1. Given axes a ≥ b ≥ c from the Cα gyration tensor, I'd like to know whether region D:2-153 is rounded (a/c under 1.5), prolate (a/b larger than b/c) or oblate.
2. So how far apart, in nm, are the two label points at A:Lys20 and D:Val243 if each is 7 Å from Cα heading toward Cβ?
3. Can you give the net charge of the other residues whose Cβ lies under 9 Å from the Cβ of B:Leu64, counting K and R as +1 and D and E as -1?
4. Compute the helix-to-body angle for B:18-28: its Cα long axis versus the longest principal axis of chain B, expressed 0 to 90° and rounded to tens.
5. Using Cα-Cα distances under 8 Å and only pairs 6 or more residues apart, what relative contact order does chain F have, in percent?
6. Taking only DSSP H segments of four or more residues, each worth -39500 (n - 2.57), what value at 222 nm results for chain F once the sum is divided by all its residues, to the nearest 500 deg cm²/dmol?
7. Restrict the search to region D:7-62; then list the trypsin sites (Lys or Arg not before Pro) that DSSP places in a loop and that have at most 13 other Cβ atoms within 10 Å of their Cβ.
8. Along the charge dipole of chain A, pointing to its positive end and built from +1/-1 on Cβ of Lys, Arg, Asp and Glu, which listed residue (A:Ile22, A:Ala42, A:Ser56) has its Cα farthest out?
Amino acid sequence: MRRLEQKKLLTIITARELEKKIIETARRRGVGGYTVVQASGAGASGIQSGMLDIDSNILIYIILSEQRLIPLLDDLEGMMARGHRLKAIVSDISILPRKPPAATSV
Amino acid sequence: MRRLEQKKLLTIITARELEKKIIETARRRGVGGYTVVQASGAGASGIQSGMLDIDSNILIYIILSEQRLIPLLDDLEGMMARGHRLKAIVSDISILPRKPPAATSV
Amino acid sequence: MRRLEQKKLLTIITARELEKKIIETARRRGVGGYTVVQASGAGASGIQSGMLDIDSNILIYIILSEQRLIPLLDDLEGMMARGHRLKAIVSDISILPRKPPAATSV
Amino acid sequence: MSGLSNLLIPAVLFFALGFLARILRSDLRFPPDLAKLLSIYLLVSIGIHGGYELGRADILTGMHAVFWAIVLGLTLPVIGYFLLVASRKVDTLNAAAIAAHYGSVSAGTFLTAIAYLQSAGVQYESYPLIMLAVMESPAIIIGLLLASWSRRRLGIVREGTEDDSHHPSVLREAFTNGSVMLLIGSMIIGAIASPKSVEAIKPFVSDIFMGMLCLFLLEMGLEAARRIEDFRRVGLALASFGVLMPVGSSFIGAVIGHYALGFGVGGTTLVAVLAASASYIAVPPAMRLAVPEANPSLYLTLSLGITFPFNVVIGIPLYHRIATWFVGS
Amino acid sequence: MSGLSNLLIPAVLFFALGFLARILRSDLRFPPDLAKLLSIYLLVSIGIHGGYELGRADILTGMHAVFWAIVLGLTLPVIGYFLLVASRKVDTLNAAAIAAHYGSVSAGTFLTAIAYLQSAGVQYESYPLIMLAVMESPAIIIGLLLASWSRRRLGIVREGTEDDSHHPSVLREAFTNGSVMLLIGSMIIGAIASPKSVEAIKPFVSDIFMGMLCLFLLEMGLEAARRIEDFRRVGLALASFGVLMPVGSSFIGAVIGHYALGFGVGGTTLVAVLAASASYIAVPPAMRLAVPEANPSLYLTLSLGITFPFNVVIGIPLYHRIATWFVGS
Amino acid sequence: MSGLSNLLIPAVLFFALGFLARILRSDLRFPPDLAKLLSIYLLVSIGIHGGYELGRADILTGMHAVFWAIVLGLTLPVIGYFLLVASRKVDTLNAAAIAAHYGSVSAGTFLTAIAYLQSAGVQYESYPLIMLAVMESPAIIIGLLLASWSRRRLGIVREGTEDDSHHPSVLREAFTNGSVMLLIGSMIIGAIASPKSVEAIKPFVSDIFMGMLCLFLLEMGLEAARRIEDFRRVGLALASFGVLMPVGSSFIGAVIGHYALGFGVGGTTLVAVLAASASYIAVPPAMRLAVPEANPSLYLTLSLGITFPFNVVIGIPLYHRIATWFVGS
Ligand SMILES: Nc1ncnc2c1ncn2[C@@H]1O[C@H](COP(=O)(O)O)[C@@H](O)[C@H]1O
Ligand SMILES: Nc1ncnc2c1ncn2[C@@H]1O[C@H](COP(=O)(O)O)[C@@H](O)[C@H]1O
Ligand SMILES: Nc1ncnc2c1ncn2[C@@H]1O[C@H](COP(=O)(O)O)[C@@H](O)[C@H]1O
Ligand code: NA
Ligand code: NA
Ligand code: NA
């Protein structure tokens, strides 16, 4: 389907406290947008019931181009190296390109 | 794994107000089901904190066949052309086929 | 990108009542972690508005290796055969490998 | 008190408002957690309240109430099951799942009945509250037995290890069900806490109670109307079961309330309401786990979409009449 | 009562606290459902309250109030539209979407005004409450008409079938909007429910009302401050519209309140507040559906980030002055 | 008042109920937002309340209280850190993260203590409330210093720019932490708002307070029991730290409360409780950001799973005894 753009979807699973930090990092790498979903879960660091703020997880979805993905993954790797717990998942997606209508030229 | 069916997963990210509209569109295209998740996020049209109804985002997941996907994407493109803000993401998935048990023949 | 591990992402869409059951099954199959998101939706068994506990859906995300995936899919197929309503979606992902820092050797 | 003036209780009016909002396809929707918050509040409040009084009530009558509650919970599903199978509208597994709901109870209906009696100035015993707590669960066991019995007759063989319906967890969950624990727990707390300290939480559990009940019924109205939309899935024959079963059960309940337990009009009405009401809290999750072959939209539409609205609007005043008639005679 | 002492109402102080918390980038955040819960509670409470009094009020004056509410709702957006187009800062479609917000109302502003009048010991009529309920919607229709008119002038042709703005659903939703139904429904319930049963919910709708309003304004403070951050998107010219439009409208409102409806200082103040306040509940979703070309962050920043805070902190005492001046003269 | 009768406060009984429900693997679960709603309500209410009284209290004693609160917040973590390192059960970075929690405070424990004193009819000063607000944060700074000191000793070099623990944001967040702002903000509002308008929110902040506290502790019970399940992760030696540390701290607190601040039995008990309680609101997120190498399940299990339940059930009556003994002598 020629009209679809090939992009990467980066899905980050982590604790809510890291939301701000990760989004700032992504912005610095020129990412235009993101989507966040509340989640709960469990892993090596125990249960994250989501009942208290202190153990709520989030899923951060970032649609981006491969060029932007690489440096962002470096940043995330750096955070993980410093002990932050996060999962960074990359998958291939195709997306409908945005064609803004004439009228919204504000 | 032969037992898995090849399908498409269409993920739509948009504002909650469009939920009804998009689901009706999908139904018209013969989609059998969908899954909706509350989200927040940010993009060209600013932050969608999810704190007020007026700026809550949703993720709509639709598992469907490629034949159904094409016309639905046309509809979504039409909505975007009229200025609606949404992201339509397509990815390839495999899914366990449903084998309904004998007993539920109601 | 050599540093990324190739893994499978298993996404299960089902009713909240099955959460415990499915997670126990996954644990028995040696799965280390999972992420759960609250959702609503509709399908063959009607609307799951998420308004009452009795019809809330969940999405369970499980990152795992193909070896672990196969037997887990068998279990899920067994549950579906007994009439449980769930969608099991498999997709290919790449993930940043975890490098635990020295200090957390507790 | 006439059925009409019953409609003039805010609680019932808010139920109607929610129902109407949904019918008019209004975008009025309750956040899921708010529904949860309201039912937690209602269970705790009614529990504290009742427990406080029961702590000062007659233990023997209490035992009797518990006994008859179990009897109701075990017999009603069996009756329902055979009616459903006779109707030929659903297979035996769906019949088992649906029947279980009618042996259990609905706290929302019970609370509306209390609001009704209060605004009608009718006195009522506190024992039916224990019955409310007790009746949530036994019906589930019968439901499971009916289901596995049907399975045997259908010749459905299941891999023993994996058969959920014999899975002890389902039974345990029937008794450790969140709302059951919340209700019983609060009753015990209300009974054993120092009266002085219970006084301190009275404003919370009493003063704002009616208002919270109104919000709860508003939400239930939305929910019920949404269920009604699945009506076609159910069909007229099955829908009529959702009306006739409670009316029939209410008679059995009234007989037990008056003759077996010797309650007055108020208490007898409440036992009739317990018998007539269908569960939508404890039973559906248990059935989804243990009788997965049954279609959830069938039993949810019946208990939430048909029986609950019928009981709230028409049933309660009717059962009150029945009780008056029994006690009068 | 001076503007300063207005700042000493807890409701306003909590708004400031929320605003400050956000400016200091505190991690204080309200769960989305809590915001929803609070507005549901406030609408129900104010509805029951007002409905109870209106059920005992003069029907003719009520009709008058409704009539003038509609007049306000239909004229203010047109004025706003031409001011915006004249300003040359936004295209006509954004102008239409923004203008619609100023013809509608903000329940939060209205309730803060009531808290202000109460702590100032000023009496007020109950009729403005009906106007609050009525004014949520008409502005939306004008907004849609202005939008499709602009589209024609811009020569934007749309596939008829798919054109949302003529889609009846948008109009229906303008009237079946959740908060409108909740408010009107509660008013009717307050009016028709038996006084005895209304008494039973008074503690819920009255005693804890001010506290709930405080939490609501705390949350609105967070929200408003977040919007202010989008200020640069809006620009000074547009921002000044967010201040001048309400002040201008308040005069029109005060004239109608005093001369057309003959209200006292309290009632006149409330009508001025209704005219001055901009919607952030009913209108934004309608505009997002029907005028998708307009940028949501423009109208949300204006109504939530600029007009709402201005009205709560400076506007209300100012409109009170204006009303006193009109009524005095 | 005996420890047993302490167990007869509804607040404590509801904590036990939640704990039990989880142990019995009941499916009773609180919606996440409800937990948030309850803590927002409790912080606002206690803030308004205390602020109202502090607005009328002695400023000098207030200053003293603040000074000693900071002293406690700075010294307790250091003591805890060396105990933990000496125990050899955790590495120094986990020791730093855990110790920080014990220098901070738990509002839930503090409120339970107030409920305990009230039902025991014991008078208490309002100053400890300021200490509660003050003590949330200093311990975090010490925690960060201990952590980076340990890192240096461990020879862990970090890319300066990216080192979170020196990242000013972490410090700022320690002071702009949501619950800290909510508490201090409400205290200021309670102090400066016109008494007349504070009266209007009294029913909200006073009457339903105890009931909300019960729901909050019910939820904490569920949470604590869930944490206990991670007990094996912690081990006996570490668990005993979760009991001995608070008892030790309570003595230090009682000495400061009585001798340094000259409080009576009530006030001294509260200072002892502040010293003994461990944070689960402000500190965990700060540690997760600034000491990512530390394992969250260790400090959360200790503060929520062991210290909190111990304090609520055994600690508070014990500290009350200690205070009585000090003040008596
Ligand atoms: N195998 C997995 N599949 C899906 N999500 C996971 C998995 N492992 C961990 N997670 C998520 O990542 C969070 C942190 O994981 P961990 O760092 O292992 O504690 C968990 O709370 C889960 O939400
Ligand atoms: N690059 C992106 N990655 C993930 N989600 C995005 C991205 N851009 C936008 N979104 C989501 O789409 C919504 C609308 O985007 P926009 O139309 O750009 O304002 C945002 O609120 C986000 O939730
Ligand atoms: N085609 C679909 N795409 C996405 N989610 C679906 C689809 N069909 C069903 N679902 C989800 O799976 C749940 C159960 O589906 P069902 O068993 O068909 O009732 C629904 O409530 C939806 O959340
Ligand atoms: Na029943
Ligand atoms: Na207006
Ligand atoms: Na402490």
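1. oblate
2. For A:Lys20 paired with D:Val243, the spin-label model returns 5.9 nm.
3. With Lys, Arg at +1 and Asp, Glu at -1, the neighbours total +3.
4. So the inclination is approximately 30 degrees.
5. Normalised by residue count, the contact order of chain F is 33 percent.
6. -22500 deg cm²/dmol
7. D:Arg25, D:Arg56
8. It is A:Ile22.
Any read-out appearing in this document is the output of simple, stated calculations on the displayed coordinates, not a laboratory observation. Note that the structure is a prediction, hence the values are computed from the model and not measured. Neighbour counts are summed over all protein chains in view; Cβ atoms, including those assigned to glycine, are modelled from backbone coordinates with ideal geometry.
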